[in-house]
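Below: one structure, written as structure tokens.
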Amino acid sequence: MKIGILTCARLPELLESDQQLIPLFAKENITAKAAIWDDETVDWTEFDYLIFRNTWDYYQKEEVFNSWLHKIELLGIKTFNPISVIQKNKHKFYLKELEKEGISILPSIFLEKNSTSNLHNVIPKSWEKMVIKPAFSAGSYLTKLIDRTEIESIQTEFKEHFATKDFLIQEFRPEIKELGETSFIFFDGKFSHAVNKKPVENDFRVQIQYGGKYTLIEPNADLLLQAELILSKIPEKLLYARVDGIVIENKLHLMEIELIEPDLYFDLADGARERFVEAFLKVIE
């Protein structure tokens, strides 16, 4: 069996933590190799399966990425996670659907492209601060934290972006600074580990490239049930999933379900890579 672990041009050999999957697959008589998703010289038919891992530039190449997904689908190559999942998860308006199904999300406004709405009219007056970000994005791309005094200036600054992209505006909760964001990682639908992520002082972004601090934690049974309920709303078979949210009074408020190329914090949890490979063997059965 041969699998391609998908990456991007700036990480041609994968992130180091993902490179360590390759010898684990080899132990199972599986040949795994890094494959740059938009490298036109790759013969995709040589792979039995493809695994999305470090495709961290897909949101910057939306049309190319969509065309590539269609190509892989036409070739009939099975991917993990499935292309049907990727298609939905790459656009954050899926949160609107989950909210309709009873999932608690952070208070959000879904602003469609070409909207002529005045932000003063759509943002609730009770919101003191808010985070604005594109619906098709990753890694804090075009993401800003603003307060009410900046609404008018952001409307002007983002005018061209609003014309071409859907945007999400979410109420900023102070808990993100005080308590951090919690990620629940699942392999083949089974809980593997959880990580708390806190931003550095005077920032709101929890990603490690902005100084975020990551800590392995043991969530209580109630929080784990809440994360599992969120994941149950995805009907397809998943190799991995990361449920990100803010815990407020033991209630998990969903921020995102990461199903395309999330950091799975392999280095923080003993045995996580082995569980990942075991999950792969199960989902292909």
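THR164 sits with roughly 90 Å² accessible to a 1.4 Å probe, with DNA, RNA and ligands left out of the calculation.
For LYS159, a cut-off of 15 angstrom between C-alpha atoms picks up these aspartates and glutamates, skipping any fewer than 8 places away in its own chain: GLU112, GLU150. When the C-alpha to C-alpha distance is required to be over 27 Å, the pairs from LYS88/LYS197; LYS33/LYS92; LYS88/LYS165; LYS129/LYS237 that qualify are LYS33/LYS92; LYS129/LYS237. Magnitude of the Cβ-charge dipole of segment 34-94, K/R +1 and D/E -1, about the Cα centre, nearest 20 debye? So the dipole magnitude of segment 34-94 works out to roughly 440 debye. Mean separation of Cα pairs under 8 Å and 6 or more residues apart, divided by the residue count, gives segment 234-274 a relative contact order of 30 percent. Normalised by the number of residues in segment 1-87, the average gap of Cα pairs under 8 Å and 6 or more apart makes the relative contact order 36 percent.
Taking all protein chains together, ASP43, ASP263, ASP244 sort by accessible area into ASP43, ASP263, ASP244, largest first [probe 1.4 Å].
Rg over Rh for the chain works out to 0.96, both radii taken from alpha-carbon positions and Rh defined as the Kirkwood radius. For segment 13-162, averaging the sequence separation of C-alpha pairs within contact (under 8 Å, six or more residues apart) and dividing by the residue count gives a relative contact order of 17 percent.
Given a 1.4 Å probe and the protein chains as shown, GLU13 ends up with an accessible area of around 120 Å².
For segment 212-275, just say rounded, prolate or oblate: build the C-alpha gyration tensor, square-root its eigenvalues into a ≥ b ≥ c, call rounded for a/c under 1.5, and beyond that prolate if a/b exceeds b/c, oblate if not. The shape class here is oblate. Relative to the longest principal axis of the Cα atoms of the chain, the long axis of helix 62-75 makes an angle of roughly 30 degrees.
The sum of -39500 (n - 2.57) across all DSSP H runs of n ≥ 4, divided by the residue count of the chain, sets its helix-only mean residue ellipticity at 222 nm to -7500 deg cm²/dmol.
Heavy-atom accessible surface of PHE47, to the nearest 10 Å², is about 10 Å², with a 1.4 Å probe and all protein chains retained. Of the listed residues ARG273, ARG10, ARG53, the order by accessible area with a 1.4 Å probe, largest first, is ARG10, ARG273, ARG53. The dipole here belongs to segment 164-285: it is taken about the Cα centre, uses +1 on the Cβ of Lys and Arg and -1 on the Cβ of Asp and Glu, and is about 80 debye.
Largest first, the residues MET1, MET255 sort by 1.4 Å accessible area into MET1, MET255.
The values are calculated or read from the model by the stated rules, or taken from the named source; none is laboratory data. Note that this is a predicted model, so its numbers are computed, not measured. Neighbour counts are summed over all protein chains in view; Cβ atoms, including those assigned to glycine, are modelled from backbone coordinates with ideal geometry. Accessible surface areas use protein heavy atoms only, side chains included; no ligands, DNA or RNA. Shrake-Rupley method; radii C 1.70, N 1.55, O 1.52, S 1.80 Å.
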